[in-house]
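*Asks:* Okay, handing you the structure first.
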Amino acid sequence: MMKGKSLLTIGDMSQEELEDVLALSDRLKARGAEADERPLEGKVVGILFEKSSTRTRVSFEVGVVQLGGAPLYLAARDLQWGRGEPIGDTARVLSRYIDFLVARTFAHSTLEELAEEGTIPVINALSDRFHPCQAIADLLTIREVAGKLQGVTLAYVGDGNNVCNSLLLAAGKVGMRIRVASPKGYAPDREVVSDAEEEAAKSGGQIRIFESPTEAVRGAEFVYTDVWASMGQEAERDQRVRDFEGYQVDEALLKDAAPEARVMHCLPAHRGEEVSAEVLDGPRAIVWDQAENRLHAQKAILARIA
Ligand code: CP
Ligand code: NVA
């Protein structure tokens with residue numbers, strides 16, 4: 001039961017809960033904006049962000065309204081938080097006013113502190129370690145195209161970052177075959193990979209880690225990439241652009257993928273870096289459906305937590 005619980009990582013959900021959220025996302029998407037159920041009626045959802053956001057912020061605000069609730073956007077820098085008020089004190093105070101908190105933070109430990117010190121459920125809207133809402137919307141998108149998740153092969157090419165970590169955990173739970181290709185020093189966290197492998201062993205999925213993008217994409221039905229320098233890593237950008245040379249998802253790399261392979265990206269994208277403009281703006285890309293599905297998936301998450 002997700003009711004009343006926080007969602008900080010995919011590991012907080014059972015396989016059944018993940019499948020249930022995906023099924024509800026489909027139903028909410030089919031029903032459109034006019035939901036006949038309003039599980040957030042009379043509830044206020046705080047949306048507290050330390051970093052920029054287009055998709056996550058807007059889709060959460062819109063989703064809360066469509067479910068009958070009221071979203072309250074809180075830029076961390078405008079709160080006393082921005083002047084050093086302790087996170088725990090902020091969590092305790094917000095818990096006296098609002099019913100749920102959606103938070104985007106730099107450190108994942110900040111989210112954990114918000115959840116531990118407050119008394120309301122906290123939903124991770126991205127931390128340096130995880131992006132669970134993105135991964136759930138991604139599964140929804142993949143299932144719309146492939147008609148299933150079990151046994152579907154996805155290659156993630158690039159930085160073993162927050163998006164990659166959550167994708168590994170989510171895909172492992174639903175029996176997908178995931179391959180990740182990253183340069184030396186940029187592979188996903190070992191602990192995350194081992195958790196994903198454990199899930200895959202139960203679900204019939206498979207997790208494989210490569211250095212070579214060509215090997216990883218061979219025969220893949222979906223090829224996913226994300227930025228080389230995430231928010232907070234701006235100072236490393238030039239070094240990263242050098243280190244990721246050869247990891248661009250372009251038509252040449254896709255020659256080794258399945259003939260009908262689709263390309264995914266959580267956005268925002270840097271055309272000419274992790275993905276070529278030709279691919280991102282071409283017929284293989286399903287990135288706009290991915291972005292739309294954030295709304296449906298997050299409504300399902302909110303409805304189950306409410
Ligand atoms: N993909 C994603 O989380 O985008 P935003 O940073 O715009 O929210
Ligand atoms: N990995 C990126 C994802 C942005 C949605 C970042 O953390 O900046």
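The values are calculated or read from the model by the stated rules, or taken from the named source; none is laboratory data. The model shown is predicted, which means the values in this text are computed figures rather than measured ones. Note: ideal-geometry Cβ built from the backbone for every residue, glycine included; neighbour counts use all protein chains shown. We work out accessible area using only protein heavy atoms, side chains counted, and drop any ligands, DNA or RNA first. Shrake-Rupley method; radii C 1.70, N 1.55, O 1.52, S 1.80 Å.
*Asks:* Does at least one position in the stretch 196-219 carry a residue that is more than 16 Å from ligand 1 (Cβ to nearest atom) and without any contact (Cβ under 8 Å) to a residue 12 or more places away in the chain?
*Replies:* Within the stretch 196-219, one or more residues are more than 16 Å from ligand 1 (Cβ to nearest atom) and without any contact (Cβ under 8 Å) to a residue 12 or more places away in the chain.
*Asks:* Just to check your reading of the model, which residue among Leu139, Leu126, Leu169, Leu154 is touching a residue at least 60 places away in the same chain (Cβ under 8 Å), assigned to a loop (DSSP other than H, G, I, E, B), surrounded by 21 or more Cβ atoms within 10 Å (Cβ to Cβ) and not aromatic (Phe, Trp, Tyr)?
*Replies:* Unique residue meeting the criteria: Leu126.
*Asks:* Let me ask you something else. If Glu260 meets every condition in (1) more than 16 Å from ligand 2 (Cβ to nearest atom); (2) open to solvent by 50 Å² or more (accessible area, probe 1.4 Å); (3) assigned to a helix (DSSP H, G or I) apart from one, which number is that one?
*Replies:* It is condition (3) that Glu260 fails.
*Asks:* Evaluate the stretch 219-241: report whether one residue or more is in a helix (DSSP H, G or I), more than 16 Å from ligand 2 (Cβ to nearest atom), within 27 Å of Ser52 (Cα to Cα) and of a type outside the set (Phe, Trp, Tyr). Working first, answer last.
*Replies:* Let us first name the residues in the stretch 219-241 that are in a helix (DSSP H, G or I), namely 234-241.
Keeping just the survivors that are more than 16 Å from ligand 2 (Cβ to nearest atom) gives 238-239.
Among the residues that remain, those that are also within 27 Å of Ser52 (Cα to Cα) are: 238-239.
Subsequent filtering for residues that are of a type outside the set (Phe, Trp, Tyr) retains 238-239.
So far as the stretch 219-241 goes, yes, one or more of its residues are in a helix (DSSP H, G or I), more than 16 Å from ligand 2 (Cβ to nearest atom), within 27 Å of Ser52 (Cα to Cα) and of a type outside the set (Phe, Trp, Tyr).
*Asks:* Name the residue that is surrounded by the fewest Cβ atoms within 10 Å (Cβ to Cβ), counting only residues in the stretch 264-280 that are within 16 Å of ligand 2 (Cβ to nearest atom) and without any contact (Cβ under 8 Å) to a residue 60 or more places away in the chain.
*Replies:* Quick first cut of the stretch 264-280, residues within 16 Å of ligand 2 (Cβ to nearest atom) only: 264-271, 273-275, 280.
Restricting the remaining residues to those that are without any contact (Cβ under 8 Å) to a residue 60 or more places away in the chain gives 265, 269-271, 273, 275, 280.
Working: His265: 24, Ala269: 20, His270: 17, Arg271: 13, Glu273: 18, Val275: 28, Leu280: 21.
Step by step, filter the stretch 264-280, then rank; the result is Arg271.
*Asks:* Let me ask something else. Could you give me the residue pairs with C-beta distances under 8 Å whose first residue belongs to the stretch 233-253 and is without any contact (Cβ under 8 Å) to a residue 60 or more places away in the chain, whose second residue is away from ligand 2 (no atom under 13 Å from the Cβ) and open to solvent by 90 Å² or more (accessible area, probe 1.4 Å) wherever it lies, and which are 6+ apart or on separate chains?
*Replies:* Between residues of the stretch 233-253 that are without any contact (Cβ under 8 Å) to a residue 60 or more places away in the chain and residues that are away from ligand 2 (no atom under 13 Å from the Cβ) and open to solvent by 90 Å² or more (accessible area, probe 1.4 Å), the close pairs are Asp250/Glu278; Glu251/Glu278.
*Asks:* State the number of residues belonging to the stretch 62-83 that are more than 23 Å from Pro39 (Cβ to Cβ) and either within 16 Å of ligand 1 (Cβ to nearest atom) or open to solvent by less than 60 Å² (accessible area, probe 1.4 Å) (or both).
*Replies:* Residues meeting the conditions: 5.
*Asks:* Continuing with this model, one more query. State which residue is nearest to the chain's Cα centre (by Cα) when the search covers only the stretch 40-76 and only residues that are away from ligand 2 (no atom under 16 Å from the Cβ) and without any contact (Cβ under 8 Å) to a residue 24 or more places away in the chain.
*Replies:* Glu61
*Asks:* So which of Leu140, Leu126 ends up being out of contact with any Ser or Thr (no Cβ under 6 Å at 6 or more places or on another chain) and within 21 Å of Ala297 (Cα to Cα)?
*Replies:* On the way: Leu140 fails: out of contact with any Ser or Thr (no Cβ under 6 Å at 6 or more places or on another chain).
Result of the check over Leu140, Leu126: Leu126.
Condition check ((1) touching a strand residue (DSSP E or B) at 6+ places or on another chain (Cβ under 7 Å); (2) part of a helix (DSSP H, G or I); (3) open to solvent by 10 Å² or more (accessible area, probe 1.4 Å)) across all residues:
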| position | (1), (2), (3) |
| --- | --- |
| Glu19 | no, yes, yes |
| Leu22 | no, yes, no |
| Ala30 | no, yes, yes |
| Arg38 | no, no, yes |
| Gly46 | yes, no, no |
| Phe60 | yes, yes, no |
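*Asks:* Separate question: Across the stretch 122-156, what is the number of residues that are more than 16 Å from ligand 1 (Cβ to nearest atom) and either under 12 Å from the mean Cα position of the chain (by Cα) or of a type in the set (A, V, I, L, M, F, W, C) (or both)? Give the derivation first.
*Replies:* To start, the set of residues in the stretch 122-156 that are more than 16 Å from ligand 1 (Cβ to nearest atom) comprises 122, 143-155.
Filter again for either under 12 Å from the mean Cα position of the chain (by Cα) or of a type in the set (A, V, I, L, M, F, W, C) (or both), leaving 122, 145-146, 149, 152, 154-155.
Summing the residues that are more than 16 Å from ligand 1 (Cβ to nearest atom) and either under 12 Å from the mean Cα position of the chain (by Cα) or of a type in the set (A, V, I, L, M, F, W, C) (or both) in the stretch 122-156 gives 7.
*Asks:* Follow-up question, since we're still on this one. Is there a residue in the stretch 218-229 that is over 20 Å from Ala125 (Cβ atoms), touching a helix residue (DSSP H, G or I) at 6+ places or on another chain (Cβ under 6 Å) and open to solvent by 60 Å² or more (accessible area, probe 1.4 Å)?
*Replies:* No: zero hits.
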